[in-house]
1. FRET efficiency for residue 104 and residue 63, Cβ-Cβ distance as r, R0 = 22 Å, nearest 0.05?
2. For residue 114, project a label point 7 Å along Cα to C-beta. Then give me every residue of segment 71-104 with its amide nitrogen under 20 Å of that point.
3. Quick one: net charge around residue 172, please, counting Lys, Arg +1 and Asp, Glu -1 for every other residue with C-beta under 13 Å from its C-beta.
4. Roughly how many nanometres apart are two label points built 7 Å out from the Cα toward the Cβ at residue 155 and residue 28?
5. Going down the list 142/194; 142/193; 112/193; 63/193; 112/142, which pairs span over 25 Å between their C-alpha atoms?
Amino acid sequence: MNEIALLRLTSDDSTGMWYCLLLLSILLLIKFSDQRLFFSITRIGHTDIPSTKKIDAPSENVKIEDVMAFVFRGLAFGYFTFTLLAQWELIDVSTTPIYMVIGVWLGYTLIKFILEMMIGLFWRSRRLLLEVVVRRGLLKTKAAFLLLIFILISQYPPINNVIYWTISGGIYLVYYIIGYLFFTNPYLQLIRKKIVLFILYICTLEIGPLWVLFELINQTNA
């Protein structure tokens, strides 16, 4: 099995199992590095993000476990998105490797982070920006662990079908929306003061990229 085969999802190879082992290995490394972060990630039914008060000031130093958590959610979300698009027949798996989907996610995430940093510096609220990044990062990593559960279950061939992945996508979306409500709760007063900017943020950096992605997919398949 060559490198290209390992990076693509087909119905007759072990790519899914390789990704599961990779994700589980990263999760294990996080456990050894920071058990508190590990248990925060794996307790998807419990919020470690206070919904009524702000968290302690986050550190500006990037730790290795933060990088591992970022890689973990990138691989999990990339695999999930690639599989969902393949099941819906929106992409051709023979011409669209999974690393392309992960690369698009990585580029979007970095661009989004740079824009948010610029906005935070413009508003002179770097402390608030760091707090938001930490809170949202934990929420996304919890959601990525939920995706890992779906990916593990999907390794049983009868389950790996379009209905399963559609239901999984719906559960993931509901989970993320509920988590996002907890995430934004401490900032409701600020959001109300800047409601127009908040709506522009959601449309530009959250909904906009999804619309562009589906338009590109439709043009490619046309």
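1. Details: r = 26 Å, r/R0 = 1.19.
Once rounded, the FRET efficiency stands at 0.25.
2. From segment 71-104, the list is 71, 74, 100-104.
3. Numbers: positive: 73, 140, 142; negative: none.
It works out to a net charge of +3.
4. Result: 1.2 nm between the two label points.
5. Details: 142/194 28 Å; 142/193 29 Å; 112/193 23 Å; 63/193 34 Å; 112/142 20 Å.
In this structure, 142/194; 142/193; 63/193 exceed 25 Å between Cα atoms.
Since every read-out is calculated from the coordinates, none of them should be taken as a lab result. In this text, all values refer to a predicted model and were calculated from it rather than measured experimentally. Note that we place each Cβ from the backbone using ideal geometry, even for glycine, and neighbour counts take in every protein chain shown.
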